[in-house]
Amino acid sequence: MEGQRQRERIQAELLKQALKLAPVGVFATFLNSLILVLVLWQPVSHTKLLTWFSITLCLVIQRGLFLYKHRRVSLLHGEAARATKEFVVGIGLAGMAWGSLPIFLFPLESPTHQTLIVFVLCGMVAGAAETFAPVLPAFIVFAVSALVPLFIRFLTIGGTVYYAMSAMTLIYLVLTFVIAKRVNITNRKLIELKEHYSRTAEELAASNKRLQERTDELSVSNKALEGYTERLERLNEELQDFAFVASHDLQEPLRKIQTFCNMIQEKYSSRIDSSGQEYLGRIISSASRMRQLVSDLLQLSRLTSIPKEFEIVDLAKIAREAADVFKNTVEQAGGSIEVGTLPALEADESQILRLFQNLIGNAIKFHGTEPPKIVIYAKLDENGICEIFIDDNGIGFDPQFAERIFKPFQRLHKLGEYEGTGMGLTICRKIAEFHGGSISARSEPGKGSTFIVRLPLKQTGLEGR
């Protein structure tokens, strides 16, 4: 269906081209016929000459009316096809009128007038090769109708010269057909190219329209997303403020509980029996543990509550500072902390220091029966990521808990068996994620543990997060 429509559009365009050039042909027909009447007035019968001129004039008028009628060619209801057929028929009649010259108006006794007729006919066919070429059937019927009778006339006269002229007429007919054919092919290709560019332009316009619609939709979505983001940031700030205030305000009553319990122990210990002493000790221990838990929560809320400007920090220097905090504890246990080669990267120095302190403290706390041995080193991958390894020879843990240990308040041991609130590794993960990185662990019971912190060397778009 689409192919048929395309052929109709091409046919209509070719007909438009022919109709655009047709007025020139109409004028040439009238002018040449008038000249022939004047020139042939003496050697040719006046009756035949006037009859021929009347017929030619009628055909000129018919073509003029046709041009006026079809000055705008439409594709509706096959009008282009019908107009093309009418055009070909009209041109065929004009060709027959001109072809009648060698038959009825050919002065045998005047070679000069014969030459004029031949010149006019060949000129008309040459002009038709240009003006009628867009509608190739029109040129064919015109050229054949005009030149074949001349070819036959030369043959009937006989003689070497006329035989040669008949052959030349035939060759001329073939050559003009070849020229008209090439012109027709060129015009057709140009129209097809125009159609292609037109379709491409329409498709591009449609694509641009869809793209604009999609852009508008994305713009609306982005505005809505910005609104959601602003509300989320506001809620997050409020939540952080609440956690900060709540944690800070909880410190005071806990401090008073510890203070008054210590005063009772100091002043009234002689009046309290052993059971009371035990209960009081449990109160002090619970209050102390609660204060530590609140302190950890406060630190966790502070990690992202205040925007930070990242700077280049020396990981080896920070790791050694963190190790110095535990120097006495490690030496008393007969252990060691070895800090290997570590790179410099963009980070918040205070948070990275806390990260190392928590991981080193965790390794010391779970060192087992052997003296603690902790090794810190790093590797760089091809993507600009620094992998920091913290190895220890502690008691280890079951690999199935490798993810659970980073969740808040999660403990793998009974309360009181090891000190702590279960927030240390949670804070480590928060610090790593705040820097666009991650933390993981691998271990086996009794074979120590390895914590791997992955941090980018350069922070991209994370400042002030």
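Out of everything in the stretch 311-335 that is small (Gly, Ala, Ser) and either surrounded by 16 or more Cβ atoms within 10 Å (Cβ to Cβ) or at pLDDT 90 or above (or both), what residue ends up being farthest from THR369 (Cα to Cα)? It would help to see each step written out before you state the result.
Going through the stretch 311-335, the residues small (Gly, Ala, Ser) turn out to be 316, 319, 322-323, 333-335.
Now restrict to residues that are either surrounded by 16 or more Cβ atoms within 10 Å (Cβ to Cβ) or at pLDDT 90 or above (or both): 316, 319, 322-323, 335.
Details: ALA316: 28, ALA319: 25, ALA322: 23, ALA323: 20, GLY335: 11 Å.
My answer is ALA316.
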Those helices (runs of 4 or more DSSP H) completely within the stretch 20-134 that have 1 or more residues that are surrounded by 15 or more Cβ atoms within 10 Å (Cβ to Cβ) and within 55 Å of the chain's Cα centre (by Cα) are 46-69, 79-99, 111-131
Quick count over the stretch 135-177, residues being outside any helix (DSSP H, G or I) and either without any contact (Cβ under 8 Å) to a residue 24 or more places away in the chain or polar (S, T, N, Q) (or both), is 2
When residues of the stretch 431-449 are limited to those that are surrounded by fewer than 16 Cβ atoms within 10 Å (Cβ to Cβ) and not small (Gly, Ala, Ser), the one nearest to LYS379 (Cα to Cα): ARG442
Screening THR176, THR186, THR169, THR160 for residues that are in the same structural domain as LEU14 (by TED's automatic domain parsing) and either among the small types (Gly, Ala, Ser) or loosely packed, with under 11 Cβ neighbours inside 10 Å (or both) leaves only THR160
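The values are calculated or read from the model by the stated rules, or taken from the named source; none is laboratory data. It should be emphasised that the depicted structure is a prediction, and the values quoted were computed from it without experimental measurement. Cβ: placed from backbone, ideal geometry, glycine included. Neighbour counts: every protein chain shown.
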